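Structure record follows, encoded as C-alpha cells.
The values are calculated or read from the model by the stated rules, or taken from the named source; none is laboratory data. Since this is a predicted model, take the numbers as computed values, not measurements. Every residue, glycine among them, receives a Cβ derived from its backbone with ideal geometry; neighbour counts consider all protein chains shown.
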Amino acid sequence: MLKNINILLHQGKQFIRDVRTVEVPGVFRGRPVISANKVDAESLMEICPTDAIATDPSGKISIDLGKCTFCGECAFAFPNKIRFTKDYKLAHNLREGLIVKEGIDEEFKLDPTLIREEIYKYFGGSLKLRQVSAAGDNSCELELNACGNVNFDMGRFGIEFVASPRHADGVVITGPISENMAEPLQICYDAIPHPKLIILAGTDAISGGIFLGSKALDRSFLNNYKIDLYVPGNPIHPLTFINGVLDLIKKR
Amino acid sequence: MSYITVKNNQSIFFQEIPVLDYESFLLMNTGFLSKEHLHCVNYYGLAQKEKLKLICCIANDHEHSIYVSSCVLPLPHLDEIGFPEYSSFTARHLSFHIFEREIHENFGIRYHDHPWLKPVRFAHDRFNKESGIAEYPFYHIESEELHEVGVGPIHAGVIEPGHFRFACNGEQILHLEIHCGYQHRGIENLLITKKKLLQRVTLAESIAGDTVAGHATAFTNVWESLSGCVPRADLQLARTLALELERIAIHTGDLSAICTDIAYQLGASVFGRLRTPLINFMQEWCGNRLAKGLIRPGYSNFKFTPELAQRLEIVLEAYERDFDEVWDRFHTLPSVLSRLEKTGMVSWHDALSIGCVGMAAKTSGIERDIRASHPHDLYTELRHEPILKIHGDVYSRTQLRHEEIKQSLVYIRKLLEKVAAQPDSERVLLQAQADRFCLSLTEGWRGEICHCAITGKDGELVHYKIKDPSMHNWLALALAVRNNEISDFPICNKSFDLSYCGYDL
C-alpha cells in the first residue's frame, strides 16, 4: 500500500491544466502562415508531396491543411514565404476552412451556421464516440488513444471512445478508407442512433493524403454524408482533436 | 554458384542474381533452413511481361550475409485451365507459408501440397477478383459441442481493423484464424507511381505509423545504397537514436496496454504517462511526436544538437527513475504474475518452424535480431547482444520489453556521447543507379523489417517489396492462444502487438 502511494506521489501532477491555452514543446508544426514575399511558385508547389500548395490567378499561395502532411519541407526551402506556427487549433467544420491563404494569420473559427442546434443540446455535456480505423496507419489511432490518457484527460469533458456503435453519438474516421473497409465502415455508421456526428481525423481521412490516387481506396462513403468536423494532422495532435471537438459541442 | 551472397544494404546488379530451375530453387532454399541461424527474410514475385520472377532471400545470421536466388515461371492467366501445379516450399518448411500464399494470391501460382492456400489481404490487384474480403474461407469444424466467436473487423478499442475467428470448446480456444486485409492501401504500387522522393519517403513513414523510424530507415538505407551514397555519420547517429527512442516509447506504451488488459490501473496510468515525455522529446527534436519528417535519404532537416542531447539526458533520467519504481511494483505482484505467466505460450519448436522474428523469436529462445546479425548505421559500433527469453509466454514478452528498454537506455547514452555540434551541411542529391537490386534489413521495435527495391534501365524504381515482421508473427499469436481461455485473448494479442497495416500494405 505504501509503495503504491509512493508511486502515485512521485508522478506529481501530470494532467494538462488548460488544454485550450497550453503551449506545446519544441518545434511543433501547426497552422502555417504565408507571407507576401515573392517566390518562384512553381518550384514551391513542386516540393509538396501531396499537392497541398496552390496558387490563385493573382499568384497568391495557399496551403490546404486537409492535404498537408505537415512535413515542413516547403518551409525549409522557402523560409521567407512559409512559416509553421505552434498553433495546434487546426480543426474546422468547413472543408474550405482548412485552406490557409497568403497574408492571413488568423486562428481558425468553426462556422456556427453549419452546426446543428441539437449538437450542444444532446452532446454538450457528454459525447461518446466510436472510432473506425479505415486503413489508418495506427499513428492517428495512437494519438486518439493518447487523448484519453492522464496527460490530456479528454474524459474530464465527458468525451470518450466507446466499444460499440450502439453506445455512440458519432464516428471518428481515421485513414484514407480502403475498399476493404468501405462496407464495415458503412455498417458501423448505420448502427449508430440518430442524431450522430462524423469526424474525420487526420490528413489521410480528410483527403486521402499521401494515398490519394490509390486504386485500393473507396472513399464513396464521404460523398453521402455531411462531415461535422475535419481534424488535420499527420498524425493529429491530441490537443488539435480535443480543442476541435470542444469547439463543436460548446454552447453557442 | 546458384545464389549470390550480399550484405545488408548492399546494392548489386539485378542480373547478378542467379536464375535457377524451380526444382533446384526449391531444394536449395528449403535446404538452407535446416539450420537455426538461417531464415527467410523475403520471398516474393514480380511480373515481367509473360513471366513471373520469384526472388528468395535467406539470411545467414552467423555470417552476416544474405543469399539471394531467383527462378522464372510462366505467368498464369485467369482464363487458362490446366496450368501447372508446383511443389510448395511450405511443405518442406512451414516458414514459407505466408510468402507462398501471397504469391498465389497476387499471381495465381498454384501449389499441390500447400496446406493453407488462403488469401492474404485481398489486394486490389490480386489475380482472382471473383471473391471479396467478406467471403474469406474460414476453417470450420462441424460439431454440436463447439461454438465459433467472430471478432472484428472493427474492434472495441481504438485500434486497426482485422478479423479473428475462434473455434471454442466452452471457454477454451481450440483454434484461432486471423484474417487481415482490411487495411490494404496499395502502398507498394504507390511507391512506384508516385515519383517524387519526398512522396516515397512519406509513404514509407506511413507503412506502419507506430514504426515510423523503422520503416523510414529501411527505405532510406535502400535508396542511399541504390544511389551509391554512404550516409554521413551524423545522419547514421540520428537514425540509430530514433530507432532506439521509438523502441523505448512503444515498449512503454505496450506495458501500459498489458496492464490495462489485466485491469492493473496503477501500471496502466504510470506506464502510459511515461511514454509521453519520450514522444514529446521526439516533437522537440523534429516537430512530430511519432518522428514523421525526421528521416530522409541523404539529408535531415533536424540536426541533433548538443543542446538536444542534454535535454534528452534529463528526460531519460526522470523516465528511468519512475519506470524502475513502477516496474519493481508491477512484476512482484502475485495478481499480475498469475495472469501473465504460462499464458499464451509459443514453444521454441513452433517459433522456429513458422519462422518467427523479432520479439516473438527472442521470447521463444531464438536469437534473431538484425542489430546483432546484420548491423547497419551505428549498430556496427554498439555491438548489440540480443536479450533472450525461453518460455515464450506473455510474461516473457513483458520481461523482454522491460529489459530491452533498459538496454536501449544504455545504448542511447552511449550514442549521446558522440553528439557534436555540426555545421550546416549540403543536401546530398541522390540518383538511383540503373538495373540495381538492394535489400535492406532494419530491426524495428517489433522485429525485422525487410525492404527490397529494383531499378530499371534509367535508374527509375520498377519494383518495391515491403515485409513487416508481422508477416511472420501473426501465426505465432494464433498458435499462442490455443488451449487458453478466450478471456485471455486480449492480453495475448497485446503481448505481440502486431501490425495490421504493415501486413496489409
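Structure summary
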item: Hey, residue B:418 part of a loop (DSSP other than H, G, I, E, B) and touching a residue at least 24 places away in the same chain (Cβ under 8 Å) or not; result: yes
item: Among the residues listed as A:7, A:34, A:16, the single one being in contact with a helix residue (DSSP H, G or I) (Cβ under 6 Å, 6 or more places away or on another chain), surrounded by 15 or more Cβ atoms within 10 Å (Cβ to Cβ) and not acidic (Asp, Glu); result: A:7
item: Residue list for the stretch A:153-181, filter: more than 9 Å from chain B (Cβ to nearest Cβ) and buried (at least 19 other Cβ atoms within 10 Å of the Cβ); result: A:154, A:159, A:168, A:169, A:170, A:171, A:173, A:177
item: The stretch B:4-20 - residue that is on the phi < 0 side of the Ramachandran plot and assigned to a loop (DSSP other than H, G, I, E, B) and, of those, farthest from the chain's Cα centre (by Cα); result: B:18
item: Filtered residues of the stretch A:182-219 (kept if polar (S, T, N, Q) and either buried (at least 24 other Cβ atoms within 10 Å of the Cβ) or in contact (Cβ under 8 Å) with a residue 40 or more places away in the chain (or both)); result: A:203, A:207
item: Residue under evaluation residue B:279, criteria (1) within 24 Å of residue B:418 (Cα to Cα); (2) free of Cβ contacts under 8 Å to residues at least 12 places away in the same chain, criterion not met; result: (2)
item: Which numbered condition residue B:195 fails, given (1) more than 9 Å from chain A (Cβ to nearest Cβ); (2) crowded, with 21+ Cβ neighbours inside 10 Å; result: (2)
item: Any chance residue A:198 is within 11 Å of another protein chain (Cβ to nearest Cβ) and within 16 Å of the chain's Cα centre (by Cα); result: no
item: Test for residue A:75: is it outside the structural domain of residue A:236 (by TED's automatic domain parsing), at pLDDT 90 or above and among the aliphatic types (A, V, I, L, M); result: yes
item: Total residues in the stretch A:50-74, condition away from chain B (no Cβ under 14 Å) and of a type in the set (A, V, I, L, M, F, W, C); result: 4
item: Any chance residue B:213 is touching a residue at least 12 places away in the same chain (Cβ under 8 Å), within 13 Å of chain A (Cβ to nearest Cβ), part of a loop (DSSP other than H, G, I, E, B) and surrounded by 23 or more Cβ atoms within 10 Å (Cβ to Cβ); result: no
item: Residues (within 30 Å of residue B:211 (Cβ to Cβ) and in contact (Cβ under 8 Å) with a residue 24 or more places away in the chain) located in the stretch A:109-139; result: A:129, A:130, A:131, A:132, A:133, A:134, A:135, A:136, A:137, A:139
